[in-house]
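Structure first, commentary second.
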Ligand SMILES: [Zn+2]
């Protein structure tokens, strides 16, 4: 059970546990302290670095951020050796249970395989320095609960649960010969809900929220990776969308929508949707409206600029899906440039799975290189901006003890150390230069030469048994 990946293997759970035991003997009731010294801080909000700083973590929260030396007797000291300390990255559009799109697991595997794959994906996210994801649709509510209860390791998950789609909508993965009322295999696996009319959409939204969904994801228009919905299509009536938004608001949270073009985006905003996923084919007028009404944009730069720029490379797409991808590629670059020009609230939402799973940082890099040319802005899409949108889940936010996405006193100890200055060379946020990953005060990756704090620990009684404390 070694959840920490080391290069070379320096930290093992056994060694870490021994360290913890000697530590806990000396300070039985005190929360563990970890002191980072000799770091430059990107705090997730400001454009520059705080140079030559120190950060003290106590338990799972950041206690002190200072450019003066911090004295903390008994703390583990992590010498950053001039690395950049920054918030753990946040991906705002994951599908943790997908490997190659929606259809592979529908046809060839089962829920056990999807769950096992999800565990693999979560560990990989952590290894890349992503300590939080907003999952935009999967049977993920039980996994999110298990991560929160520290039963399994993973990034913090803000789960949407199964996405809501109308018959013939973007998540309808049934067969041509389906009869009305037939449930397709993905729906049976609770990856999505195919719902029509106000009572059905209300029921599905409440079904997600009762099990811990932190926001609701709807399909408001045609998509690329689906069979029955042409790109130009608008999905869900205003009545249906308003009903879903009403349910979300009753739970103190919000709705985000898959939508590509003016008609579906504007209808979603009319109904009260607060975050648009994709948005690739809208006009500048719609971008301006989003700015004026505080609607956020979730950006998929790799998908739209790189993958859809070469749809032949996506082996699991049909000819029709490839044609749709080409159309989207043409609109996306222009739309994102308007979004930067009008200063939309933007977050990075990779929507990357399959081979792309292993390079989530590229979504931030492509946005910077092809569109923004502003590394601080690109980093904020994965830190401060992302945390702002996550906070809209209000009462449903499972993480109320601290703030996310920022290095501030009272913030969660979700911290990564990268070798380099990402404001000068953004590639330093790629996996191979992410040398240290802490989530909630626990260490998931340590490539530093010094022996640092203990690894992931199970919670509660299991933690005590694990470390022999009872
Ligand atoms: Zn998606």
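The values are calculated or read from the model by the stated rules, or taken from the named source; none is laboratory data. For clarity, every value in this text was computed on a predicted model and none was experimentally measured. Don't worry about glycine lacking a Cβ; one is built from the backbone with ideal geometry, like all the others, and counts go over all protein chains shown.
Below are the figures for this structure:
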quantity: Residues (more than 14 Å from the ligand (Cβ to nearest atom), part of a loop (DSSP other than H, G, I, E, B) and in contact with a helix residue (DSSP H, G or I) (Cβ under 9 Å, 6 or more places away or on another chain)) located in region 100-114; calculated: 109
quantity: Failed item, numbered, when residue 151 is tested on (1) assigned to a loop (DSSP other than H, G, I, E, B); (2) within 16 Å of the ligand (Cβ to nearest atom); calculated: (2)
quantity: Answer residue from region 322-347, given it is in a helix (DSSP H, G or I) and within 16 Å of the ligand (Cβ to nearest atom) and is nearest to residue 99 (Cα to Cα) among those; calculated: 325
quantity: Filtered residues of region 271-285 (kept if crowded, with 20+ Cβ neighbours inside 10 Å and outside any strand (DSSP E or B)); calculated: 271, 273, 274, 279, 280, 281, 282
quantity: Set 259, 268, 301: member being farther than 26 Å from residue 209 by Cα, crowded, with 23+ Cβ neighbours inside 10 Å, within 16 Å of the ligand (Cβ to nearest atom) and modelled with pLDDT of 95 or more; calculated: 301
quantity: Scan of region 115-129 for residues that are within 16 Å of the ligand (Cβ to nearest atom) and touching a strand residue (DSSP E or B) at 6+ places or on another chain (Cβ under 9 Å), ordered by number; calculated: 121, 125
quantity: Given (1) in a loop (DSSP other than H, G, I, E, B); (2) touching a helix residue (DSSP H, G or I) at 6+ places or on another chain (Cβ under 9 Å); (3) modelled with pLDDT of 95 or more, number of the condition residue 427 does not satisfy; calculated: (1)
quantity: Set 177, 139: member being within 16 Å of the ligand (Cβ to nearest atom) and out of contact with any strand residue (DSSP E or B) (no Cβ under 6 Å at 6 or more places or on another chain); calculated: 139
quantity: Members of region 190-203 that are in contact with a strand residue (DSSP E or B) (Cβ under 8 Å, 6 or more places away or on another chain) and closer than 17 Å to residue 135 by Cα; calculated: 191, 192, 193
quantity: Flag if residue 77 is on the phi < 0 side of the Ramachandran plot, in contact (Cβ under 8 Å) with a residue 12 or more places away in the chain, more than 28 Å from the chain's Cα centre (by Cα) and not in a loop (DSSP other than H, G, I, E, B); calculated: yes
quantity: Filtered residues of region 204-243 (kept if in contact with a strand residue (DSSP E or B) (Cβ under 8 Å, 6 or more places away or on another chain) and part of a helix (DSSP H, G or I)); calculated: 204, 205, 207, 208, 209, 241
quantity: Per-region count, region 348-401, residues part of a loop (DSSP other than H, G, I, E, B) and more than 16 Å from the ligand (Cβ to nearest atom); calculated: 12
quantity: All positions within region 286-321 that are assigned to a strand (DSSP E or B) and either outside the structural domain of residue 363 (by TED's automatic domain parsing) or without any contact (Cβ under 8 Å) to a residue 60 or more places away in the chain (or both); calculated: 297
quantity: Residue under evaluation residue 416, criteria (1) touching a helix residue (DSSP H, G or I) at 6+ places or on another chain (Cβ under 9 Å); (2) surrounded by fewer than 23 Cβ atoms within 10 Å (Cβ to Cβ); (3) at pLDDT 95 or above; (4) within 23 Å of residue 123 (Cβ to Cβ), criterion not met; calculated: (2)
